[in-house]
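Have a look at the structure below before the remarks.
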Number of protein chains: 2
Amino acid sequence: MRYTKIAAIFADSQELSGQEVQIGGWAKTIRDLKTFGFIELNDGSCFKNLQVVFSTEIVANYKEIASQNVGAALEIVGTVVLTPDAKQPLELQAKTVVVAGASSPEYPLQKKRHGVEFLRTIQHLRPRTNLYSATFRVRSVAAMAIHEFFQQKGFTYVHTPIITASDCEGAGEMFRVTTLDPKNPPLLENGDVDYSQDFFGKAANLTVSGQLNAENFAMAFGDVYTFGPTFRAENSNTARHAAEFWMIEPEMAFTDLAGDMDIAEAMIKFIIKRTMERCPDDLAFFNSFVDKGLLERLENVANSDFGRVSYTEAVEILKKNNANFDYPVEWGSDLQTEHERYLTEQVYKKPVFVTDYPKEIKAFYMRLNDDGKTVAATDCLVPGIGEIIGGSQREERLDVLESRIREMGMTTEDYWWYLDLRRYGGCKHAGFGLGFERMVMYLTGVANIRDVLPHPRTVGNADF
Amino acid sequence: MRYTKIAAIFADSQELSGQEVQIGGWAKTIRDLKTFGFIELNDGSCFKNLQVVFSTEIVANYKEIASQNVGAALEIVGTVVLTPDAKQPLELQAKTVVVAGASSPEYPLQKKRHGVEFLRTIQHLRPRTNLYSATFRVRSVAAMAIHEFFQQKGFTYVHTPIITASDCEGAGEMFRVTTLDPKNPPLLENGDVDYSQDFFGKAANLTVSGQLNAENFAMAFGDVYTFGPTFRAENSNTARHAAEFWMIEPEMAFTDLAGDMDIAEAMIKFIIKRTMERCPDDLAFFNSFVDKGLLERLENVANSDFGRVSYTEAVEILKKNNANFDYPVEWGSDLQTEHERYLTEQVYKKPVFVTDYPKEIKAFYMRLNDDGKTVAATDCLVPGIGEIIGGSQREERLDVLESRIREMGMTTEDYWWYLDLRRYGGCKHAGFGLGFERMVMYLTGVANIRDVLPHPRTVGNADF
């Protein structure tokens, strides 16, 4: 028999009133009032705890239960009783309580507030705290919302490869994947490592993006998306960077930059609405204890039309405020976080797409605009975070793409299959990448990426 | 404006009859009958092609279109016309046809049958063939079905880490993940590689299973699942092994082995039913051209109660047939594929769970049965494939688990956090792993794992 989840008891309280159910969960508090006691039980199915009443009259092992430590796992059979006059809408009157697993006074999560730094050292237990329970529930709901959004629109989900022998962006610090002897790798005559003896017969890395592979599939399925882990071996110890993170990358045939932005905007709104619908208690908690303006900001984003401004116009706007920036802006320079946040928080007061960046600061595969200077790229900036999405229309013209590859000092031979897509039935197409952790941070107000990843991997850290 | 998908035209043909739509896709055939012509267009949204009729009278660039090569990308505006008396239920009468991207006579997918070995060398184009289009559509639908199954049941989706410093099974060939200088790694005084200088401050590998991490979350959320890539650096060049593959690993608190099997059985049936519902044309294709008995087998599995037999009983059954096996069976030996297939195909003629294996041939974390000799493990065997799922109830008793770890020659210190789960509110719990590619092979009848992975990674192969 499967146990009833506490979320289901709250959701179906009318039907379950007076019914007997069996539940399992972890004690957040146990109060012993001698002839009866209260247990606040949480089973992770929702933010709310269930109040369980147990008494000496009915529960034979009353003393055993009353003396349990916080964190004990309990299996309880009892009757659902509505309590319209009490603080909580219902309680469970226990018939039997069984200790599935005791806890101890050494349990690190005693009833007091713990700092996130400490909680990161007990990643195996932190999901039982309010903060992380809510965060990882939102993470799961948001992930499902993304699948729902794309599948409803007829997108095909593609698992692009994690191990790759090519570097999508032609740059970026990558992790090497190898089975060679680490101490005595086989060497060529010239002293270089002989990767032909490695597992894949050549040097291999962890992917930084599934985009080029996704394009293979967009040229057959029209609309596709990837949703998987990506990796950066950047030595940057910030609150927004992790070495391993999840990314969503849709790729759409017969779509230009405007269509790309339409889908990105609709997706963000859909994720927000679904999360607000399905996690109201979690979001209320974040709004009260993590980020006071959260709910208002999410409502605002879900219901506003995102702004759209060209990079060139944005630079004109930003230059007027150059005196207040650490890095003054001028045409040709990449936008810094301070510029991005000023645009979205001060100027637009809502999310905004910046489009058509100088080609020098963007990747080779982005479509060259008719001005010959800019490319059909876009970054979506959101209040409180800055850049959350980067996308572009892809260069579909074979000759232009080949000369862009050469301009960047790369060789066309390395991209033979990517170029083939332009030789045989290419078409205008576009896509974008959403960093999933940034989205979860945005949904929760949690400020550090280490606190939205189940087990974060950062410089010097791969514990658990 | 977003284009109408061909799948939607077939699905909503009554409403769209007489309406003008815009579509985009790739020409599978073009026939020129001088004053009018036919295009079979596929856009990947469904197995079926759309027949497009274009004529000299209406389509001004008739000659340009009629002379296009197979594989050309076309954008077409036209009227949906029902054709109840024709072979196909409807056609599109073209108003305008635009060549989005031409193809060429060198296009490798000319209208003839190609072998899968050749098609593996053009992985960027093979999604446009019937076989791979159907396979990757089924893959996407099956992946979504898995999310739906678990989310409907209130499971929390957890992204367990890909990069790990621990080895779940205490064995297995793993890929090293590193940023150390491959030629001149830093060495300790004793000559060993100094991994403290590596990116994570210690040696790191690609995960072989998310299970131990998933248990952390099951002890907070009750029911969780992972769905992500896993890796094996095994030097095995078979049709069923890849170095990178996707795995689904649910983990359930307050659940024993019987409950574990209930969920596994319900999940497999759900995936099959959803795929049959959503991909009827794809499955009909597989049934006709890849595996004649496919539909019957899937129907049978979806509607049968899976068998359950203990390892000890299974060995008794198998021993009677020992004369016909390459490897005779006796109690204590691991079951080979020939034994597994004999059980499920000849004896049970349906899927069967084999349970309670000798502890010597199973992992340390599996719960020791009262007989002291076997563990509460299960493998689910299915006709045509053999093992598709491996699962177990986990050892929740701290002392038993510690002695099992020592028995296997491992150290308890390495598993401090895993053991903590038994110190602080542990409970009976269970889980299993489903190899996603095996499931897709099962759903399609496709016999080689290289043909169900978008870009397969195997020994000597990481192309694309």
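The values are calculated or read from the model by the stated rules, or taken from the named source; none is laboratory data. No experiment lies behind these values; they were computed from the predicted model shown. Reconstructed Cβ throughout: ideal geometry from the backbone, glycine too, with neighbour counts over all protein chains shown.
Points worth noting:
Each row is one residue, and each column tells you yes or no for (1) touching a Ser or Thr at 6+ places or on another chain (Cβ under 7 Å); (2) part of a helix (DSSP H, G or I).
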position	(1), (2)
A:Thr96	no, no
A:Leu109	yes, no
A:Leu131	no, yes
A:Arg139	no, yes
A:Gly154	yes, no
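- Taken over segment B:112-125, residues that are within 12 Å of chain A (Cβ to nearest Cβ) and within 16 Å of B:Glu437 (Cβ to Cβ) amount to 1.
- Taking the criterion of being part of a helix (DSSP H, G or I), within 32 Å of the chain's Cα centre (by Cα) and within 13 Å of chain B (Cβ to nearest Cβ), the residues of segment A:402-437 that qualify are A:Asp414, A:Tyr415, A:Trp417, A:Tyr418, A:Leu419, A:Leu421, A:Phe436, A:Glu437.
- Failed item, numbered, when A:Asp181 is tested on (1) acidic (Asp, Glu); (2) in a loop (DSSP other than H, G, I, E, B); (3) touching a residue at least 12 places away in the same chain (Cβ under 8 Å); (4) more than 8 Å from chain B (Cβ to nearest Cβ): (3)
- Note on segment B:194-212: among residues that are in a loop (DSSP other than H, G, I, E, B) and facing another protein chain (nearest Cβ under 8 Å), the one that is farthest from the chain's Cα centre (by Cα) is B:Gly201.
- Filter pass, B:Ala233 being in a loop (DSSP other than H, G, I, E, B), touching a residue at least 40 places away in the same chain (Cβ under 8 Å) and at the interface with chain A (Cβ under 10 Å from one of its Cβ atoms): yes
- The helices (runs of 4 or more DSSP H) falling completely within segment B:249-304 that include 2 or more residues that are closer than 19 Å to B:Ile385 by Cβ and at pLDDT below 95 map to B:294-303.
- Answer residue from segment A:68-90, given it is closer than 13 Å to A:Asn49 by Cβ and within 14 Å of chain B (Cβ to nearest Cβ) and is farthest from the chain's Cα centre (by Cα) among those: A:Ile76
- Of all residues in segment B:291-304, those satisfying the criterion of being surrounded by fewer than 17 Cβ atoms within 10 Å (Cβ to Cβ) and either under 16 Å from B:Gln346 (Cα atoms) or among the polar types (S, T, N, Q) (or both) are B:Gly293, B:Asn300, B:Asn303, B:Ser304.
- Of residues in segment A:126-157 being within 8 Å of chain B (Cβ to nearest Cβ) and among the polar types (S, T, N, Q), the one surrounded by the fewest Cβ atoms within 10 Å (Cβ to Cβ): A:Gln151
- For segment A:172-224, the set of residues classified as surrounded by fewer than 20 Cβ atoms within 10 Å (Cβ to Cβ), touching an Asp or Glu at 6+ places or on another chain (Cβ under 7 Å) and of a type in the set (S, T, N, Q) consists of A:Thr179 only.
- Every condition in (1) more than 11 Å from chain A (Cβ to nearest Cβ); (2) over 24 Å from B:Ala165 (Cβ atoms); (3) not aromatic (Phe, Trp, Tyr) is met by B:Asp463 except one, and the failing one is (1).
- If you check A:Gly391, A:Gly372 for being assigned to a loop (DSSP other than H, G, I, E, B) and either under 31 Å from the mean Cα position of the chain (by Cα) or more than 30 Å from A:Arg297 (Cα to Cα) (or both), only one passes: A:Gly372.
- Number of the condition not met by A:Arg394 [criteria: (1) touching a strand residue (DSSP E or B) at 6+ places or on another chain (Cβ under 6 Å); (2) charged (D, E, K, R); (3) at pLDDT below 95]: (3)
- Of all the listed residues (B:Ile317, B:Ile268), the sole one being closer than 16 Å to B:Thr344 by Cα, surrounded by 18 or more Cβ atoms within 10 Å (Cβ to Cβ) and not charged (D, E, K, R) is B:Ile268.
- Residue in segment B:352-361 that is surrounded by fewer than 17 Cβ atoms within 10 Å (Cβ to Cβ) and not hydroxyl-bearing (Ser, Thr, Tyr) present: yes
- Exactly one residue out of A:Leu257, A:Leu188 is over 22 Å from the mean Cα position of the chain (by Cα), closer than 30 Å to B:Tyr3 by Cβ and more than 9 Å from chain B (Cβ to nearest Cβ): that is A:Leu257.
- Selection status of B:Glu215, more than 8 Å from chain A (Cβ to nearest Cβ) and farther than 20 Å from A:Ala462 by Cα: no
- Residue match in segment A:73-85 (condition: in a loop (DSSP other than H, G, I, E, B), touching a strand residue (DSSP E or B) at 6+ places or on another chain (Cβ under 8 Å) and not hydrophobic (A, V, I, L, M, F, W, C)): yes
- Residue count for segment B:71-95, restricted to those that are touching a residue at least 12 places away in the same chain (Cβ under 8 Å), of a type in the set (Val, Ile, Thr) and surrounded by fewer than 20 Cβ atoms within 10 Å (Cβ to Cβ): 3
- Residue in segment B:438-460 that is farthest from the other protein chains (Cβ to nearest Cβ), counting only those that are farther than 13 Å from B:Ala243 by Cα and of a type in the set (Ser, Thr, Tyr): B:Tyr442
- Taken over segment B:451-464, the residue count meeting the criterion of being under 23 Å from B:Leu381 (Cβ atoms) and either touching a Lys or Arg at 6+ places or on another chain (Cβ under 7 Å) or of a type in the set (Gly, Ala, Ser) (or both) is 1.
- Failed condition for A:Cys46, given (1) at pLDDT 95 or above; (2) under 28 Å from B:Arg397 (Cβ atoms): (2)
- Screening segment A:14-58 for residues that are surrounded by fewer than 16 Cβ atoms within 10 Å (Cβ to Cβ) and either aliphatic (A, V, I, L, M) or part of a helix (DSSP H, G or I) (or both) and picking the one that is nearest to the other protein chains (Cβ to nearest Cβ) gives A:Glu15.
- Those residues of segment A:158-171 which are among the hydrophobic types (A, V, I, L, M, F, W, C) and either modelled with pLDDT under 95 or surrounded by fewer than 18 Cβ atoms within 10 Å (Cβ to Cβ) (or both), in sequence order: A:Ala165, A:Cys168, A:Ala171
- Residue within segment A:418-427 that is buried (at least 23 other Cβ atoms within 10 Å of the Cβ), in contact (Cβ under 8 Å) with a residue 24 or more places away in the chain and charged (D, E, K, R) present: no
- Qualifying residue in segment B:97-109 (condition: more than 10 Å from chain A (Cβ to nearest Cβ), surrounded by 13 or more Cβ atoms within 10 Å (Cβ to Cβ), touching a Lys or Arg at 6+ places or on another chain (Cβ under 7 Å) and touching a residue at least 40 places away in the same chain (Cβ under 8 Å)): no
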